[in-house]
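One structure is given below, encoded as structure tokens.
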Amino acid sequence: MASEETRAVDTRTAMSPTERDTPAPVGASETTTLEKGPARAWATRLVVAGIVLSAVNLRPAITSLGALLEEVRDGLGMSGSVAGLLTSVPPLCFAVFGVMAPRLARRFGPAAVVCAGMAAIFTGLLIRPYAGGTAGFLAASALALMGIAVSNVLMPVIVKRWFPDRVGSMTGLYSMVLALGTSLPAAVTVPMTHALGGNWKLGLAMWAVLAAAAVVPWIPLVREGRERSVPAARSAQAQAPAQAPTQTQAQTPASVSARAAEEQPPLRITRSRTAWALAVFFGLQATAAYITMGWMPQIFRDAGVSAGTAGLLLAVTMVMGVPLAFVIPRIATRLPHQGPIVLVLGVCGLAGYAGLYLAPAAGAWAWALLLGIANCAFPLALTMVGMRARSGPGVAQLSAFAQSTGYLISIPGPLLVGVLYQHSGGWGLPIALMAALMVPQMVVGVLAGRDRTVEEEAATR
């Protein structure tokens, strides 16, 4: 710490009088303030705790319900079609509310929006089993999923803002915890419900405790952000006239490039074939993931597997994302074309669906493992978003387009599975649909994996 301060003093002394008198940009001064002293260390620990606790809360609302879907259907008198609608609510909420997250963050700050998101998850999980009837259950689920949607979008923003030199490691931590938060409820919800006397309402509501814990670290960060934002804004207004005469001297290459990026006209993303291919790939892999989370335990239970084992099978499928979330992005970034990875994941998915159709109970653990590998198309899709655009604004625009469009594409899938299951009386047609959707996913994934950028395609069309 002493050596850092000495270097800062030496650097300041080496500046010209004009440079010493020129105030730093507001964002830079805020970063410098945050990076020094015990307050920075204290706040960093809170952010790490907030990221970890938030990540672990981004999937229990979905996978805990999948493990108890039969009990929920019987308790609320749901038909198969309505249950399919319930499994379609997550992507709908992610598409609708996720788009609002950047605007809310600009107005209130990312920490405040994530804090509110965790509070919404807590409230939704707590009241949905007791909301009374199917409509109340759906509304409370939508409230929890709204909190998940905005938090999911803003987690990378939090990581980038607080850990700009450790984006990879912090994103890896976030992805690992998210995968654990996906698999844990699938594994323990049924045993926990049995331990609570078989009350499915209490078994679902218990996950609200974890969401309540996630609210706590963000509260002081919200207060700190408010206290800093007002003085920073006033300082920027007061210093603006003084900066005008020395604009050339005050601007650094980084600030010039950042301002140039901000002043660029928005990319016409819809002109890019790669952007559309990536959006469809994202949508089809999300369709497979939500069908798996919502319906796979029921498939195994209908085949004669016990409820507890079915939950463990779903946990195995979800936990495959923990190691592969680290491995797949690293391999993808070293390849000029990500098509081979797409094909390997697709073949694993087709083999898993074939096993579910032919011998769902006999080879249940193998099918769960294969489908877990196939579901790792999600980290691959996120990796390709970063590789298919050159600039930061391009990545942000491509990410928003691919995810919002993709989640909209994924909405009908789980609902259609529920309708086919109800009208056919078995899982043959739904599994055939899942396998059929894997084929176009492989095709558009290969197209999205080609070595090109959306900026080039948008400029040439």
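The values are calculated or read from the model by the stated rules, or taken from the named source; none is laboratory data. All values reported here derive from a predicted model rather than from experimental measurement. Because the Cβ atoms are built from the backbone with ideal geometry, glycine has one as well, and the counts that use them run over all protein chains shown. When the accessible area is computed, the model is the full protein with side chains, heavy atoms only, and any ligands, DNA or RNA have been set aside. Shrake-Rupley method; radii C 1.70, N 1.55, O 1.52, S 1.80 Å.
Listed values, structure above:
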item	result
Net +/- balance of residues flanking Val82 in space, Cβ distance below 13 Å, scoring K and R +1, D and E -1	0
Rg/Rg_ref, region 319-404, where Rg_ref = 2.2 N^0.38 Å and atoms are Cα	1.27
In Å², nearest 10: area of Met192 left accessible to a 1.4 Å probe	50 Å²
Simple label model, 7 Å out from Cα along Cβ direction - Val48 to Leu433, nm	4.6 nm
Accessible surface of region 262-319 [probe 1.4 Å, protein heavy atoms]: carbon and sulfur percent	55 percent
By accessible area with a 1.4 Å probe, ligands and nucleic acids excluded, highest first: order of Thr383, Thr309, Thr270	Thr270, Thr309, Thr383
Cβ-defined net charge surrounding Arg450, 12 Å radius [Lys, Arg +1; Asp, Glu -1]	0
Vicinal HN-Hα couplings computed from phi for region 308-318 (Karplus, 6.51 cos²θ - 1.76 cosθ + 1.60; Hz; Gly/Pro x)	x, 5, 4, x, 5, 5, 5, 4, 4, 4, 6
Förster radius 25 Å - calculated FRET efficiency between Ala459 and His337 (Cβ-Cβ, nearest 0.05)	0.70
Fully extended contour minus Cα-Cα distance, from Asp451 to Ala362, at 0.36 nm per residue	27.9 nm
Volume per residue that the Cα convex hull of region 331-461 spans, once the total is divided by residue count, Å³	109 Å³
Accessible surface ranking that places the most exposed of Arg330, Arg452 first, with a 1.4 angstrom probe	Arg330, Arg452
